[in-house]
Amino acid sequence: GLPYIVVLTDPTTGGVTASYAMLGDVHIAEPGALIGFAGQRVIQDTIREKLPEGFQRAEYLHKHGMVDMVVTRADLRERLATLLDYLQPARAAA
């Protein structure tokens, strides 16, 4: 099948995050992008704890394995081309 590549921009929140945005095979986020379902205040009130610095930002999610790579928009085209080249099946020798 085809790879499902998701590009998470700022902001990616709410239902989008709870559904198709996190179902991809590869997750690419823009630097500093806010990515999450509920807001920080709602989460803090629910768990009654202070959230770590940078929580719900692309770099934090990358560090914790929720995002595969953080790529600037300027570099996105080249990175997508490299990724698609890597993911395409090898061609049999003629």
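Among the listed residues 35, 28, identify the single one that is closer than 28 Å to residue 90 by Cα, touching a strand residue (DSSP E or B) at 6+ places or on another chain (Cβ under 8 Å) and surrounded by 17 or more Cβ atoms within 10 Å (Cβ to Cβ).
Going through 35, 28 in turn, just one is closer than 28 Å to residue 90 by Cα, touching a strand residue (DSSP E or B) at 6+ places or on another chain (Cβ under 8 Å) and surrounded by 17 or more Cβ atoms within 10 Å (Cβ to Cβ): 28.
Taking the range 50-83 as the region of interest, how many residues are more than 19 Å from residue 17 (Cα to Cα) and at pLDDT 95 or above?
Within the range 50-83, residues that are more than 19 Å from residue 17 (Cα to Cα) and at pLDDT 95 or above number 12.
Hand me the list of helices (runs of 4 or more DSSP H) wholly inside the range 10-94 holding 1 or more residues that are polar (S, T, N, Q).
15-18, 40-47, 73-87
Please indicate, with yes or no, whether at least one residue in the range 34-53 is basic (Lys, Arg) and touching a residue at least 40 places away in the same chain (Cβ under 8 Å).
Checked against the condition, which is being basic (Lys, Arg) and touching a residue at least 40 places away in the same chain (Cβ under 8 Å), the range 34-53 yields no hits at all.
Please go through (1) modelled with pLDDT of 95 or more; (2) surrounded by 13 or more Cβ atoms within 10 Å (Cβ to Cβ); (3) within 11 Å of the chain's Cα centre (by Cα) for residue 22 and return the number of the only condition it doesn't satisfy.
Condition (1) is where residue 22 drops out.
Within the range 38-61, track down each residue that is crowded, with 18+ Cβ neighbours inside 10 Å and of a type in the set (Lys, Arg).
57
Can you tell which of 59, 30 is touching a residue at least 12 places away in the same chain (Cβ under 8 Å) and touching a Leu at 6+ places or on another chain (Cβ under 8 Å)?
Going through 59, 30 in turn, just one is touching a residue at least 12 places away in the same chain (Cβ under 8 Å) and touching a Leu at 6+ places or on another chain (Cβ under 8 Å): 30.
Go through the range 42-77 and give me each residue that's in contact with a strand residue (DSSP E or B) (Cβ under 9 Å, 6 or more places away or on another chain) and among the hydrophobic types (A, V, I, L, M, F, W, C).
43, 55, 58, 61, 66, 67, 69, 70, 71, 76
Filter the range 1-14 down to residues that are touching a residue at least 12 places away in the same chain (Cβ under 8 Å) and not hydrophobic (A, V, I, L, M, F, W, C) and give me whichever is surrounded by the most Cβ atoms within 10 Å (Cβ to Cβ).
12
The values are calculated or read from the model by the stated rules, or taken from the named source; none is laboratory data. Predicted, not measured: the structure shown is a model, and the values here were computed from it. As a convention, Cβ positions derive from the backbone with ideal geometry for all residues, glycine included, and neighbour counts pool all protein chains shown.
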